[in-house]
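> Below: one structure in structure tokens.
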Amino acid sequence: MDTERSRNLFHRAQRRIPGGVNSPVRAFKAVGGHPRFIDRGEGAYMVDVDGHRYVDHVMSWGALILGHAHASVVADLTETLRAGTSFGAPCPAEVELAERICKAMPAVQKVRMVNSGTEAVMSALRVARAFTQRKKIVKFAGCYHGHADMLLVEAGSGVATLGLPDSPGVPEATVADTLVARYNDADSVRSILEAFPGEVAAVIVEPVAGNMGLVLPEEGFLEALRALTSEHNALLVFDEVMTGFRVGPGGAQGRFGITPDMTTLGKVIGGGLPVGAFGGRAEIMDLVAPEGPVYQAGTLSGNPLAMQAGLTTLRELDEPGVWSQLAASSEATVEVLNNSAREAGVPISVSSVGAMFGYFLTDDAITDWDSAAGLDRSLFARFYQVMLESGVYLAPSPFESGFVSTVHGDAEREILGAAADAAFQAVASE
Ligand code: KE4
């Protein structure tokens, strides 16, 4: 596959951008070779600058649930753009999007828009600390909640991909109040809460973990977190940046019937434009300035373009049958991977939930970071490269999830199947 233009662009980029990318996981460090520079997205596809077309299962890390350049999103954004890009003042779309989010997730009585998931999480935890007047935060090894200092502790996603234990530049004092539990192990949370009575402000969790590969919550795990946090007067924060409007119309909280105290969102609610949001019970959110004393602000928060892209996306998701179609699509996608790997004799375990899916190239059960960390990274890299050469663009890390959109269909699964056959045969024959 001739990728000269991408290679040259990457060489140029590395002179002026750290690692040649604006977000580490894109650099292909975990899979070798060089990233593909993308010229355009078309529905379920991306086309790189060398003209190669790929079925895209990254979809801007989950944001593009309608696929690339969806006609309605482009049309509505174009119209919005003609009225300007940003006002630095309230606009009607912010109100409508807030109302939509609160209707979809009744646990969110009030919501504040921000510009990234990181910003949403750091803001939510500031409010949680203010509301409880406590300092400690519990997170789970392998979960990723953005790059705010206090959360760069045993994080998943790009931190895990690069094998970074944590990050230089984060003062000890900043993470001294961040405690780490084990995903799918409620006892590890109970132990922390009992060891620090009255000190834990919040337990933050990815209700479906998407940043150590896709790891589903085991039966009773989320319910146990709800009970434990209530018992200890700590807030339960669902980080739904990835799962919100991805695993179902009410997010993971709707799917699993759990009422968190706070929720963070991103990705889908911005339709591919920069966005994040944090929300929760009104009594908690009324602490946020200017209603209350907890300061949080943002120049472009709630800007008309991101709000419109999010609104149009959520409106399209209201179409009858969309969610069952999305679930069927991700189930069919992992069935293709599973069948192809089995045919080649390559171990694989697959899962899907709503419009997201995961696969691990092992028969071992992956239930937490300890089990995910042992994955064979070189096997993944070899598999990845053949998939890419065969026209399928997957997340370039075993510690990520896969995403489908409303425009992934049989034709795309045909391409996926052919690519998977080539990739699994290749790794099996080594
Ligand atoms: P951003 O700051 O990247 O918008 O969101 C941070 C974040 C927070 N919470 C969860 C559950 C997330 O998955 C993320 C970001 N997801 C990664 C993909 N695993 C973003 C991709 C990247 O870092 O380039």
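> Residues LEU193, LEU97, LEU125: which one is assigned to a helix (DSSP H, G or I), under 25 Å from PRO24 (Cα atoms) and touching a strand residue (DSSP E or B) at 6+ places or on another chain (Cβ under 8 Å)? Reasoning before the result, please.
Details: LEU193 fails: under 25 Å from PRO24 (Cα atoms); LEU97 fails: under 25 Å from PRO24 (Cα atoms).
Only one candidate qualifies: LEU125.
> For the stretch 205-227, which positions are in contact with a Leu (Cβ under 7 Å, 6 or more places away or on another chain) and not in a helix (DSSP H, G or I)?
Going residue by residue through the stretch 205-227, those that are in contact with a Leu (Cβ under 7 Å, 6 or more places away or on another chain) are 205, 207-208, 225-226.
Across the stretch 205-227, the qualifying residues are VAL205, PRO207, VAL208.
> Can you pull out every residue in the stretch 231-253 that is more than 16 Å from the ligand (Cβ to nearest atom) and surrounded by 24 or more Cβ atoms within 10 Å (Cβ to Cβ)?
ALA234, LEU235
> Let me ask you something else. Any idea which residue in the stretch 1-40 is surrounded by the most Cβ atoms within 10 Å (Cβ to Cβ), counting only those that are part of a strand (DSSP E or B) and away from the ligand (no atom under 16 Å from the Cβ)? Can you show your working first?
Within the stretch 1-40, the first condition is being part of a strand (DSSP E or B), and the residues that meet it are 38-40.
Subset that is away from the ligand (no atom under 16 Å from the Cβ): 39-40.
On the way: ASP39: 14, ARG40: 12.
The extreme case among them is ASP39.
> I need the full set of residues from the stretch 82-93 which are surrounded by fewer than 19 Cβ atoms within 10 Å (Cβ to Cβ) and in a helix (DSSP H, G or I), in order please.
ARG82, PRO92
> Has the stretch 48-59 got at least one residue that is farther than 18 Å from MET356 by Cβ, in contact with a Pro (Cβ under 9 Å, 6 or more places away or on another chain) and within 14 Å of the ligand (Cβ to nearest atom)?
No, the stretch 48-59 has no match at all.
> Please verify whether the stretch 378-401 includes one or more residues that are closer than 30 Å to VAL73 by Cβ, assigned to a loop (DSSP other than H, G, I, E, B), more than 21 Å from the chain's Cα centre (by Cα) and in the same structural domain as SER60 (by TED's automatic domain parsing). Lay out the reasoning, then the answer.
Initial filter on the stretch 378-401 (closer than 30 Å to VAL73 by Cβ): 384, 387-388, 390-397, 399-401.
Remaining after also requiring assigned to a loop (DSSP other than H, G, I, E, B): 390-391, 394-397, 399-401.
Now restrict to residues that are more than 21 Å from the chain's Cα centre (by Cα): 390-391.
Filter once more, so that each one left must be in the same structural domain as SER60 (by TED's automatic domain parsing): 390-391.
There is at least one residue in the stretch 378-401 that is closer than 30 Å to VAL73 by Cβ, assigned to a loop (DSSP other than H, G, I, E, B), more than 21 Å from the chain's Cα centre (by Cα) and in the same structural domain as SER60 (by TED's automatic domain parsing).
Each row is one residue, and each column tells you yes or no for (1) closer than 26 Å to TYR359 by Cβ; (2) among the acidic types (Asp, Glu); (3) in contact with a helix residue (DSSP H, G or I) (Cβ under 9 Å, 6 or more places away or on another chain).
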position	(1), (2), (3)
GLU154	yes, yes, yes
ALA181	yes, no, yes
ASN184	yes, no, yes
PRO197	no, no, no
ASN211	yes, no, yes
SER230	no, no, no
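> Checking PHE196 against (1) in contact (Cβ under 8 Å) with a residue 40 or more places away in the chain; (2) surrounded by 20 or more Cβ atoms within 10 Å (Cβ to Cβ); (3) at negative phi, which test does it fail?
(2)
> Sticking with this one: Hey, any hits in the stretch 304-324 for a residue that's among the polar types (S, T, N, Q), touching a Lys or Arg at 6+ places or on another chain (Cβ under 7 Å) and in the same structural domain as VAL121 (by TED's automatic domain parsing)?
Initial filter on the stretch 304-324 (among the polar types (S, T, N, Q)): 308, 312-313, 324.
Checking which are touching a Lys or Arg at 6+ places or on another chain (Cβ under 7 Å) leaves us with none.
Looking for residues that are among the polar types (S, T, N, Q), touching a Lys or Arg at 6+ places or on another chain (Cβ under 7 Å) and in the same structural domain as VAL121 (by TED's automatic domain parsing), one finds none in the stretch 304-324, hence no.
> Out of the stretch 101-142, which residues are charged (D, E, K, R), touching a helix residue (DSSP H, G or I) at 6+ places or on another chain (Cβ under 8 Å) and surrounded by fewer than 19 Cβ atoms within 10 Å (Cβ to Cβ)?
LYS110, LYS135
> How do the helices (runs of 4 or more DSSP H) wholly within the stretch 254-373 filter down when requiring 1 or more residues that are touching a strand residue (DSSP E or B) at 6+ places or on another chain (Cβ under 9 Å) and within 16 Å of the ligand (Cβ to nearest atom): which remain?
On the way: elements: 282-285, 304-317, 322-344, 369-372.
Qualifying helices (runs of 4 or more DSSP H): 304-317, 369-372.
The values are calculated or read from the model by the stated rules, or taken from the named source; none is laboratory data. Remember, predicted model here, so these are calculated numbers, not experimental data. So basically every Cβ, Gly included, is an ideal-geometry build from the backbone, and we count neighbours across all protein chains shown.
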